[in-house]
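Heads up, the thing below is written out as structure tokens.
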Amino acid sequence: MGTREDLLAAAKQCLAERGYARTTVREIVAASGSNLAAINYHFGTRDKLLNQAMIESSAEAVQRIAEALPQDDLVTPAARLEIFWRKLIASFTEDRPLWSANIEGLAQALHSPEVRAELATAEEHARQQLWQLFGPSRGAEADRAVGAVLHALIGGLMAQWLVDPDHAPSPDELIAGLRTLATEIGPD
């Protein structure tokens with residue numbers, strides 16, 4: 001690995017161990033074996049490095065879940081989505097430091113237009129990935145809507161699991177609620 005990759009790996013490690021707000025450049029430098037100037041050279045600022053590390057870590061976590069989904073035609077889209085929700089909710093416990101750092105990073109975006117722009121790009125990419133996984137293929141607008149709804153559900157679910165895991169919706173409750181909503185709303 002090169003210096004840039006070493007810095008990213010160290011930032012991911014620090015995010016998982018310390019969280020976004022408590023990770024210092026000195027800790028990243030120590031964990032990467034590089035120097036302070038390398039952060040400025042490769043990323044410009046600590047926040048840009050941490051945002052990149054957070055975006056990559058989150059994408060990797062969701063990619064692991066997506067890769068674990070059955071891909072054959074014997075599994076219905078509803079069954080795939082149910083498996084996705086179960087694996088995602090499990091990751092909120094198993095990868096809690098990652099998701100906590102993700103929430104902290106979102107809070108940073110409130111105070112920095114630059115961070116907000118970076119995260120907005122990552123959010124749009126996440127919505128696209130979701131509609132590609134689960135979109136009904138009824139056209140671009142319908143597919144984007146599926147991605148937007150799933151992404152909104154994930155954000156709210158993540159916040160509930162991080163703040164109050166004892167009372168957050170279980171996979172079964174979430175799935176039952178979605179089925180009820182789909183029945184109530186029905187097709188167009």
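Couple of notes before you dig in:
- Counted residues, the stretch 93-104 - those being open to solvent by 70 Å² or more (accessible area, probe 1.4 Å) and in contact (Cβ under 8 Å) with a residue 12 or more places away in the chain: 2
- Scope the stretch 105-139; condition open to solvent by 40 Å² or more (accessible area, probe 1.4 Å) and within 12 Å of the chain's Cα centre (by Cα); matching residues: L106, E123, E124, H125, R127, Q129
- Within the stretch 4-21, not a single residue is open to solvent by 40 Å² or more (accessible area, probe 1.4 Å), closer than 23 Å to A117 by Cβ, polar (S, T, N, Q) and assigned to a helix (DSSP H, G or I).
- Filtering the stretch 26-47 to residues that are open to solvent by 40 Å² or more (accessible area, probe 1.4 Å), in contact with a helix residue (DSSP H, G or I) (Cβ under 7 Å, 6 or more places away or on another chain) and assigned to a helix (DSSP H, G or I) leaves E27, A31, L36, H42, R46, D47.
- Boolean, T76 is of a type in the set (S, T, N, Q) and more than 27 Å from R4 (Cβ to Cβ): yes
The values are calculated or read from the model by the stated rules, or taken from the named source; none is laboratory data. What you see is a predicted model; the values in this text were computed from it and never measured. In this analysis, Cβ positions are derived from the backbone assuming ideal geometry, glycine residues included, and neighbour counts consider all displayed protein chains. When the accessible area is computed, the model is the full protein with side chains, heavy atoms only, and any ligands, DNA or RNA have been set aside. Shrake-Rupley method; radii C 1.70, N 1.55, O 1.52, S 1.80 Å.
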